[in-house]
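In what follows, a structure is listed as structure tokens, so that the remarks can point back to it.
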Amino acid sequence: MPKVNREGKALVFSLEQLESVFALLRYPHNAIANLCYWTASRAGEIVALPTKAITAEAVLIKQTKTKVTKEIDIYPKLAAALELVTPGKVYCFPGRKSDSHLTLRAFQKELDTVCESLDIRGASSHSFRRSMATHLYLAQVDLESIRQTTGHKSLTSLTEYIDISRLQAQRKVAAALEKIWA
């Protein structure tokens, strides 16, 4: 069930929807959306990302739920997303005051406007994180690698994020059984 009025799960974007959303979001919102997706992070973690959290080798993201800092090595797509960032002195996405960052609400408002213009329903700021987890799973990345990327504490909590249909699940099981019993 897609998310409506803060109820349900956030939509998992298709690759086409994701490209459209990235293209229509204005700066700094496009940079935030890209970093949410390419680091599989919560939007609240990205809007509050300190400038010093980006090094030449990695992005260090303090997770809001676990309070653990996850380290995401910089790979080409993430490097391209980081090129969109023009950081302030303290935060990558400064707010109106010099000592504050852009608010999550401001990002969500811009995202809502773009999704409405694209006729995408059920999306939220969390859609980028869920989409990355699902896309990695569909690309046959193992669950433990996805868990480490998203920073989930357990595989059980991670599997709540991955969105595959019953038909997709049945096809995967059938294909695996064919390999086993071939």
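Every number here is computed from the coordinates shown, using simple stated rules; none is lab data. Quick caveat, the model's predicted, so the values are computed rather than measured. Because the Cβ atoms are built from the backbone with ideal geometry, glycine has one as well, and the counts that use them run over all protein chains shown.
Counting 0.36 nm for each residue step from THR159 to LYS172 and taking away their Cα separation leaves a gain of 3.1 nm.
For the chain, the longest principal axis of the alpha carbon atoms and the long axis of helix 29-39 meet at an angle near 40°.
A quarter of the convex hull surface defined by the alpha-carbon atoms of the chain gives 11.6 nm² as the mean projection. Volume per residue of the convex hull around the Cα atoms, evaluated for the stretch 91-182, comes out as 140 Å³. Loop-resident GluC sites (Glu not before Pro) (DSSP state other than H, G, I, E or B) in the stretch 1-71 with no more than 15 further Cβ atoms inside 10 Å of their Cβ: GLU57.
Label separation (LYS97 vs ALA182): 6.3 nm, computed from points 7 Å beyond Cα along the C-beta direction. Taking the longest Cα principal axis of the chain as reference, the axis of helix 166-180 is set at about 60 degrees. From its DSSP helices (H runs of at least four residues, each -39,500 (n - 2.57)), the chain gives a residue-normalised ellipticity at 222 nm of -14000 deg cm²/dmol.
Taking amide hydrogens as placed 1.01 Å from N in the peptide plane, the amide H of GLN63 sits under 5 Å from those of VAL68, THR69, LYS70, each at least 5 positions away in sequence or on another chain.
Here's how it looks for PHE13: its modeled amide H is under 5 Å from those of SER131, which are all 5 or more places away or on a different chain. Here the Karplus curve 6.51 cos²θ - 1.76 cosθ + 1.60, taken at θ = phi - 60°, turns the phi angles of the stretch 84-91 into couplings of 6, 8, 10, x, x, 6, 9, 10 Hz, with x standing for Gly and Pro.
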